[in-house]
Amino acid sequence: MEANLELKDIITIASPIIKSFVDNIITPKLDILRKKLEKKGKLKSFSQIPFEKYFSEYYHRSFKKMSIINTLTFNNSQKLLDDIYIPLTIRNSHNYKEIYKIKEFPKALSNEYWNILITDTAGMGKSTLMKKMFLSALNSNNGIPLFIELRRLSKNKSILEELKEQLNSVNNSINDDILFELLNDGEFIIMLDGYDEISLNDKDIVTSDIQNFISKTSKNKYFITSRPEKSLASFGNFQEFRITSLTKKEAFELLRKYDNRGTISTLLIKKLQESDLSNINEFLTNPLLVSLLFTAFEYKNAIPFKKHLFYRQVYDANFESHDLTKGDSYIHNKYSKLEIDDFHRVLRHIGFMSLKDQKIEYTKDELLKFIDDSKNFCTGLSFNNSDFLNDLLKTVPLFSQDGNYYRWTHKSLQEYFAAQFIYLDAKSRQENILKKLYKSPNLEKYINVLDLYYDMDFKTFRNIIIYDLAKEYNEYVKNNYIQKYNDVDPEDIILRKELLFLRKFYLFKGEKEVPDEKLDEILNKIESIENVNGFHIDSIFVESPVSENYFGILMDHSKLNLLDLLFQKNNIII
């Protein structure tokens, strides 16, 4: 179902749903708050704010925005979420038997855990999952959903300011105290999407702001989504769930949704069923990669066996896309007049520089500055910056516009072009860049770049990163557990070294009951010391019946993400 044919239907469907929601949920809640504020003598300032109108307008905007998604699979054209959504499954990170299939808002899950963290790697569908839950909550009256894209927050913009802007984008008539009063009463479901997309420069301040906000409005239910990263240790009171990999059956069903069980998906699935899937099994477990597989196959009727080839074919398909409304042979002319490889060259520089900046969303001026810097880097190319921006939005739609903001259609596109830049354009600095990524205390933020680079240029990856990792392991083995242990099997000593490589374990003895404040103080002190070195808290062991009040804290180094990557690649070093 084409979204542009259904926009009127969406508005038609949304209006009665939202009216019922505001009448039955929002208005009664506001009536209760009016009575409370009247007793406090604050009714006048509350009465001046048309909250019912603000919420109604917010949900109309959000319903339309959440119901329609842009996807690379269709040349960034818009599709209805429900037409291409397959229910994703999430699993408790600490209890593998606890599983929820998200067909609608997970009421049982949110009643069990009020604070929920959903993590997983690039392209597993975290944002799509949140949008589905938002719409379902609105439809089923399970609470009052609010959706916040965390990349919008910064040291200059708090979560409260973003909420006020969303509820009342025209003028700033909402008073902070009144909004807190409303939130303090509870019943809200606050969805915080994309913690990993917060700028690294602002991360500490924004994290503190989020924690403070949650603490002050603790009667509400919270969901946070993010790629895995060490800063998430700050949300220790959140129950973590991970999105499980797609089954082959689910992947095939998703492919069928892309063309409504048409010729392309039928032929692709047939070829996949006839092939040895061992080389592309990873791509069938990830919703984004399944969509890229469809696009790549639609473009060339061939199945690429490397992840970076997926992205290249998707880029080619978008650049050379035909406008079917004007006949198969019509190809959009490019505003910039650039050829396919020259356009790719500019994007590589934009991808790398914006990755360094740790942002995927920009104002128009910021994005035009990136384009201008990249034009200056790419000697021999001449084009108008605004024309290139128009291409990014229209003829090669790898960016999308949301109000005053411009962003990569998917963060992994930025990472693909950044990896390509390191491989093709930074030969003299290649070793230095790769070592900086490897030694970064925030290595987990670059793991997808390294994943893509591994396939592009394995020889260099091996000679620089795997070599350094092997050397580091060899040094660890030589300098740890070197004394004689007469009563211990030598194989057990080797196993201990393997298990504790890139890990630290703190053991301390406490009182019979360690107050939460004291435990937080200890954890914060350890984190402040070790974060600089790339370590973060993985687990805390407390109150074991045989421990005699000993407490343990296990810390993992960011480089363990690299070991996971090598394991997924079936590298012989693991």
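Filter 103/270; 19/164; 19/248; 126/471 down to the pairs with a C-alpha to C-alpha distance above 32 Å, please. Over 32 Å Cα-Cα: 19/248; 126/471.
Between residue 212 and residue 341, the modelled label-to-label distance comes to 5.4 nm, taking each label 7 Å out from Cα in the direction of the beta carbon. Each Lys and Arg Cβ is given +1 and each Asp and Glu Cβ -1; about its Cα centre, the chain then shows a dipole of about 600 debye. Normalised by the number of residues in the chain, the mean separation of alpha-carbon contacts (under 8 Å, six or more apart) gives a relative contact order of 11 percent. What is the calculated FRET efficiency for residue 19 to residue 425, with r their C-beta to C-beta distance and R₀ = 51 Å, to the nearest 0.05? Once rounded, the FRET efficiency stands at 0.40. Placing R0 at 35 angstrom, the Cβ-Cβ distance between residue 564 and residue 509 gives a FRET efficiency of 0.60 after rounding to 0.05.
If I take every Cα pair under 8 Å that is 6 or more residues apart in the stretch 3-243, average their sequence separation and divide by the length, what percent do I get for the relative contact order? Value for the stretch 3-243: 24 percent. When its C-alpha radius of gyration is set against 2.2 N^0.38 Å (N residues), the stretch 152-211 gives a value of 1.19.
What the Kirkwood sum gives for the stretch 357-499 is a hydrodynamic radius of 18.6 Å, with every pair of different alpha carbons counted.
So in the chain, what percent of DSSP beta bridges are antiparallel if you round to the nearest 5? Of all bridge pairs located within the chain, approximately 65 percent are antiparallel.
Which entries of 300/356; 155/307; 79/157; 411/569 show an alpha-carbon separation above 25 angstrom in the structure shown? Pairs exceeding 25 Å: 300/356; 155/307; 79/157. Between residue 524 and residue 97, the simple spin-label model (points 7 angstrom out along Cα→Cβ) gives 3.8 nm. Per residue of the chain, the DSSP helices (runs of n ≥ 4 H) give a summed -39500 (n - 2.57) that works out to -15000 deg cm²/dmol at 222 nm.
Could you tell me which of 285, 260, 524 has its Cα farthest along the dipole of the chain towards the positive end, charges placed at Cβ (Lys, Arg +1; Asp, Glu -1), taken about the Cα centre? In the chain, that residue is 260. Compute the signed sum of charges (Lys and Arg +1, Asp and Glu -1) over the other residues within less than 10 Å, Cβ to Cβ, of residue 380. Neighbourhood net charge equals 0.
With a threshold of 20 Å on the Cα-Cα distance, the over-threshold entries among 497/525; 436/559; 439/504 are 497/525. FRET efficiency for the pair residue 357 and residue 181, taken as 1/(1 + (r/R0)^6) with r the Cβ-Cβ distance and R0 = 30 Å, rounds to 0.20. Based on a Kirkwood Rh over C-alpha pairs, give the Stokes-Einstein translational diffusion coefficient of the chain at 37 °C and viscosity 0.692 mPa s in µm²/s. For the chosen part, D equals 125 µm²/s.
Read-outs throughout are calculated quantities, based only on the coordinates presented, and are distinct from any laboratory measurement. Just so we're clear, the structure is a prediction, and the values are computed from it rather than from any experiment. Cβ sites come from the backbone with ideal geometry, for glycine too, and all protein chains shown count toward neighbours.
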